[in-house]
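Asks: Pasting a structure below so you can have a look.
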Amino acid sequence: MASTEWKTSACILCECNCGLKIQLGGDDGRRFTKLKGDREHPMSQGYACEKAHRLDFYQNNPERLTLPQRRRADGTYETVDWDTAISEVAARLAQVRDTHGGMSIFYYGGGGQGNHLPGAYAAATRRALGSRWRSSALAQEKTGEFWVSDRMLGAFTRSDFEHCEVGVFLGKNPWHSHSIPRARVTLKELSKDPARTLIVIDPRRTETAELADIHLQVKPGRDAWLVAAMAAVLVDEGLIDDAFIDAHTEGVEAVKEALSQVAIADYCAYAGVDEGLVRKAARRIGEAESVASFEDLGVQMNRHSTLVSYLHRMVWLLTGNIGKRGSQYIPTPLLSIAGGDTGRVSPVVGARIIGGMVPCNVIAEEILTEHPKRYRAMIVETANPAHSLADSKRFREALEALDTLVVIDVAMSETAKLADYVLPASTQYEKAEATFFNFEFPDNGFQLRPRLMSPPDGPLPEAEIHARLVEALGALSEADLAPLHEAAAKGRPHYAGAFFKHVMSQPRLAGLAPVILYRTLGPTLPVEVREGAVLWGLALRFAQKASASLARAGFKGPPPLQADTLFQALIDTPSGVVFARDLWDEVLGRIGKPDGRIQLELPDLLAELATLQDGVGGDGLATDPDFPFILAAGERRSFTANTIIRDPAWRKKGGSGALRVSTDDAASLGLRDGDAVRLTTRAGSAVVAVEVSTSMQQGHISLPNGFGVGFGGLDEASGIAPNELTSIDARDPFVGTPWHKHVPARLTPVSTRPAP
Ligand SMILES: Nc1nc2c(c(=O)[nH]1)N[C@H]1C(S)=C(S)[C@@H](COP(=O)(O)OP(=O)(O)OC[C@H]3O[C@@H](n4cnc5c(=O)[nH]c(N)nc54)[C@H](O)[C@@H]3O)O[C@H]1N2
Ligand SMILES: Nc1nc2c(c(=O)[nH]1)N[C@H]1C(S)=C(S)[C@@H](COP(=O)(O)OP(=O)(O)OC[C@H]3O[C@@H](n4cnc5c(=O)[nH]c(N)nc54)[C@H](O)[C@@H]3O)O[C@H]1N2
Ligand code: SF4
Ligand SMILES: [Mo]
């Protein structure tokens, strides 16, 4: 049944979601026989990395969940039909709501790397349950950056690496982790152009660092000192863009004062980087026409993460690198996923909530307590927190302590294995999907991916699951939908009128809008894009905010018309659409602070900066002699993709998930490539194979992410699940993000070699 037709879709293995062309074949016509990058895709333009070619391992996972599962008293599962599953799940959640309040029902996930429509539909289920608290992986990586960015700029920024003169990567290895379109092409261009400079700040000699003009090989966990020194050099050497500072910022005096206290030489020495090289990098940044800079997990999951996010912004703001080509910009995403502090705190621990998300590291504490406001039930969707959050052991305990855990997934994940009910979802190639990771500039694209094939008997798209749950909860009736069905039959202009009249103007129904759209607009759409119905509503909201950007992208008229033509274009253009076209000179007008001025002075973080002085000193990396190594738990490598693909055979290389150890450390421990070693942290211990690596510095070791998922009946399949080794309390004091890249560890050689 091989077909030579190239169907249009995208890769779901990282946030870039490169456009793909896919041929289907195999006995059932459901296998991915050929894949290539889609040249029509507005962002990736034909680019795809090695991982995309292995997507058949995702689509055709032999352990695919097909029917709803209900947990028996003895912990085993039995298959139940959908009607039973939906009515029992609705009844149990309704009972939790009626006894303890909807606030005790927690929602986790809603979108992995490739699918954010489930989160949009889940909003209706949450509304029907009165559930308020939620979180996702973003609250263990990006919330520190969101918080700082919101306080300084009232907005979230991204960077234009394609056109920058100087590109900086701080704790980021885009060669493997991407996160910018066509990463390897952009990196190579930056690297080989003598007029441009690539600066990489990473303790490891990464693939990206290999391409760099300047590699600041910081000691692990000491970026705060390094970046403070860089910012201080800008002041010390008069590299500040005074005209920009005067025109657009507040609070520079306090910042200059604080930075003038930085003992540059001492901080560089403590950070382990030659002062001359630090000054060279700072000078290059200060003198360049444009600088683009990206911070990621190497610093965001590390000590002083929030302070580093602040100092990092200081480096590019003091040099005026926002709002011009090749620098930072404020994008117009279709739906914003970033957000600031609204003053709310989590109900038990009182943790600061950024962007509406409870910090991941406190969720277990908010369950394992007698506190009356504890979470009693949880819905987990398209996420695997029993594997991905700190201290898996404790998190499993927390999940088991819940009254009810419902997991919506395509596979029996580590989290699903603890659920009372597991509801099987169609894969991302069996339904329409999209992501809200669209941050490009000046042209910003969005792809509504049509499904490639219908789901097999059993699994349902999340949109359908949420619609059924909302109906089973009694929140929506046929009578509510009737006027919309009627209007939809007459065409979308009629539908729009009816939607405002019967849905948006009625508080009871407005919160259920996603499911109402799916039930009433969905059936009028081509079957391949039916689950995209919610985008009609999101496009409308977007048009009201960003009408000018839409108009420049060719969508003219009043906002409701713009939204509708955009929606139609998304349906008609499977490779994706440029939906917003922006202007560089409008960026500074988007600063969401009083008088549009950037707030440089954040007193709490300047106070933390002042404390760095006390930290300087001592040569050893570790603070605890029992744990002389620093473990980076969860590094992105060639064939890692969180836990999206479970079959270990998908990896063409790196399949053993080895622990990287420096040549010096290997020599002193008597370790060779492939030897087994016992790795022990405060939270746990595991035996792992060693890869002796010249890329590592002494005292620093690293484990890949995405390993240690069960497959083929084995619970502890290949490699180590990194969060068996991490701790909940190793977290940022401001926003609770974990310090996964800074886990104190010990190595003990063992004589046996691990099984291949
Ligand atoms: N191949 C692949 N790509 C992915 C993913 C995947 O699973 N696999 N996941 C996607 C996701 S969800 C995300 S969030 C991104 C993350 O993308 P990255 O943040 O780039 O990923 P990591 O490899 O976890 O960490 C980046 C770097 O931090 C460095 N680092 C460790 N300790 C320190 C330190 O103390 N200081 C500094 N400066 N650096 C340090 C590591 O050496 C590493 O090179 O990747 C995305 N892309
Ligand atoms: N120690 C340590 N821990 C980390 C990290 C680290 O660097 N170190 N990185 C962290 C980061 S940055 C991230 S983003 C997280 C990622 O961790 P999570 O957000 O938990 O995401 P995944 O592991 O990708 O889990 C995705 C789940 O979605 C399921 N799935 C796939 N397709 C579909 C679908 O169409 N529908 C549904 N309903 N389910 C689907 C998969 O089977 C899988 O179970 O991990 C974090 N954890
Ligand atoms: S893994 Fe990321 S960079 Fe590679 S093809 Fe997929 S989306 Fe693109
Ligand atoms: Mo992530």
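The values are calculated or read from the model by the stated rules, or taken from the named source; none is laboratory data. Predicted model, so just to flag it, every value in this text is computed and none were measured. As a convention, Cβ positions derive from the backbone with ideal geometry for all residues, glycine included, and neighbour counts pool all protein chains shown. For the accessible areas, the whole protein counts, side chains as well, though only heavy atoms, and no ligand, DNA or RNA atoms are used. Shrake-Rupley method; radii C 1.70, N 1.55, O 1.52, S 1.80 Å.
Matching residues to (1) buried (at least 24 other Cβ atoms within 10 Å of the Cβ); (2) within 30 Å of residue 532 (Cβ to Cβ); (3) at pLDDT 95 or above:
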{"position": "269", "(1), (2), (3)": "no, no, yes"}
{"position": "286", "(1), (2), (3)": "no, no, yes"}
{"position": "292", "(1), (2), (3)": "yes, no, yes"}
{"position": "302", "(1), (2), (3)": "yes, no, yes"}
{"position": "329", "(1), (2), (3)": "yes, yes, yes"}
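Asks: Looking at the structure I just gave you, is residue 588 in the same structural domain as residue 243 (by TED's automatic domain parsing) and either in contact (Cβ under 8 Å) with a residue 40 or more places away in the chain or surrounded by fewer than 16 Cβ atoms within 10 Å (Cβ to Cβ) (or both)?
Replies: On the way: in the same structural domain as residue 243 (by TED's automatic domain parsing): no; either in contact (Cβ under 8 Å) with a residue 40 or more places away in the chain or surrounded by fewer than 16 Cβ atoms within 10 Å (Cβ to Cβ) (or both): yes.
Judged against the criteria, residue 588 is not a match.
Asks: Same structure again: Quick one: count up the residues across the stretch 665-697 that are surrounded by 14 or more Cβ atoms within 10 Å (Cβ to Cβ) and outside any strand (DSSP E or B).
Replies: Result for the stretch 665-697: 12.
Asks: Among residues belonging to the stretch 345-385 that are among the polar types (S, T, N, Q) and touching a Pro at 6+ places or on another chain (Cβ under 6 Å), point out the one that is nearest to residue 462 (Cα to Cα).
Replies: Just the residues of the stretch 345-385 that are among the polar types (S, T, N, Q), to begin with: 346, 361, 369, 382, 384.
Next cut, touching a Pro at 6+ places or on another chain (Cβ under 6 Å) only: 361, 382.
On the way: 361: 27, 382: 10 Å.
Within the stretch 345-385, the match that is nearest to residue 462 (Cα to Cα) is 382.
Asks: Moving on to the next point. Residue under question is residue 210, and the condition is that it be open to solvent by 40 Å² or more (accessible area, probe 1.4 Å), farther than 23 Å from residue 299 by Cα and acidic (Asp, Glu); does it hold?
Replies: So residue 210 fails the test.
Asks: List the number of the failed condition for residue 82; all other conditions in (1) within 16 Å of ligand 2 (Cβ to nearest atom); (2) among the hydrophobic types (A, V, I, L, M, F, W, C); (3) surrounded by 19 or more Cβ atoms within 10 Å (Cβ to Cβ) hold.
Replies: (3)
Asks: Next question, about the same structure. Identify the residue in the stretch 128-146 that is under 18 Å from residue 298 (Cβ atoms) and of a type in the set (D, E, K, R) and, among all such residues, is farthest from ligand 3 (Cβ to nearest atom). Even if it seems obvious, please write down each step before you answer.
Replies: Here is the first cut: in the stretch 128-146, the ones under 18 Å from residue 298 (Cβ atoms) are 137-138, 140-146.
Keeping just the survivors that are of a type in the set (D, E, K, R) gives 141-142, 145.
Numbers: 141: 16, 142: 18, 145: 20 Å.
The residue in question is 145.
Asks: Could you list, ordered by first residue, the pairs with Cβ atoms under 7 Å in which the first is in the stretch 41-52 and closer than 11 Å to residue 10 by Cα and outside the structural domain of residue 576 (by TED's automatic domain parsing) and the second is within 16 Å of ligand 4 (Cβ to nearest atom) and at pLDDT 95 or above, at least 6 apart or interchain?
Replies: So the pair list comes out as 44/16; 48/11; 52/11; 52/13.
Asks: When you scan the stretch 172-195, how many residues do you find that are of a type in the set (A, V, I, L, M, F, W, C), surrounded by fewer than 16 Cβ atoms within 10 Å (Cβ to Cβ) and either near ligand 3 (Cβ under 9 Å from one of its atoms) or part of a loop (DSSP other than H, G, I, E, B) (or both)? Show your work before the answer.
Replies: We begin by selecting, within the stretch 172-195, every residue of a type in the set (A, V, I, L, M, F, W, C); these are 175, 180, 183, 185, 187, 190, 195.
Okay, now just the ones that are also surrounded by fewer than 16 Cβ atoms within 10 Å (Cβ to Cβ), so 185, 195.
Next, only the ones that are either near ligand 3 (Cβ under 9 Å from one of its atoms) or part of a loop (DSSP other than H, G, I, E, B) (or both) stay: 195.
Here the count works out to 1.
Asks: Here's another thing I want to ask about it. What number of residues in the stretch 242-260 are open to solvent by 50 Å² or more (accessible area, probe 1.4 Å), of a type outside the set (Ser, Thr, Tyr) and under 18 Å from residue 230 (Cβ atoms)? Before you say what the answer is, go through the steps one by one.
Replies: In the first step, residues of the stretch 242-260 are kept if they are open to solvent by 50 Å² or more (accessible area, probe 1.4 Å); the result is 242-243, 246-248, 250, 253, 256-257, 260.
Then drop every residue that is not of a type outside the set (Ser, Thr, Tyr), which leaves 242-243, 246-248, 250, 253, 256-257.
Keeping just the survivors that are under 18 Å from residue 230 (Cβ atoms) gives 256-257.
Qualifying residue count, the stretch 242-260: 2.
Asks: Go through the residues of the stretch 103-119 one by one and say whether even a single one is in contact with a helix residue (DSSP H, G or I) (Cβ under 6 Å, 6 or more places away or on another chain), part of a loop (DSSP other than H, G, I, E, B) and away from ligand 2 (no atom under 15 Å from the Cβ).
Replies: no
Asks: Find the residue count for the stretch 381-412, including only residues that are part of a loop (DSSP other than H, G, I, E, B), in contact with a Leu (Cβ under 9 Å, 6 or more places away or on another chain) and closer than 30 Å to residue 333 by Cβ.
Replies: 1
Asks: Something else: Filter the helices (runs of 4 or more DSSP H) completely within the stretch 268-368 down to those with at least 1 residues that are over 26 Å from residue 159 (Cα atoms).
Replies: On the way: elements: 275-287, 297-300, 305-318.
Result: 275-287.
Asks: If you go through the stretch 68-79, how many residues are assigned to a loop (DSSP other than H, G, I, E, B) and crowded, with 17+ Cβ neighbours inside 10 Å? I'd like the intermediate steps shown before the answer.
Replies: First pass over the stretch 68-79, keeping only residues assigned to a loop (DSSP other than H, G, I, E, B): 68, 72-76.
Subset that is crowded, with 17+ Cβ neighbours inside 10 Å: 68.
Selection size over the stretch 68-79: 1.
Asks: For the stretch 41-73, give me each residue that is within 15 Å of ligand 3 (Cβ to nearest atom) and among the charged types (D, E, K, R).
Replies: Just the residues of the stretch 41-73 that are within 15 Å of ligand 3 (Cβ to nearest atom), to begin with: 41-59.
Matches in the stretch 41-73: 50, 51, 54, 56.
Asks: Could you list, ordered by first residue, the pairs with Cβ atoms under 6 Å in which the first is in the stretch 642-668 and over 18 Å from residue 745 (Cβ atoms) and the second is within 14 Å of ligand 2 (Cβ to nearest atom) and β-branched (Val, Ile, Thr), at least 6 apart or interchain?
Replies: From the stretch 642-668, the pairs are 643/709; 646/709.
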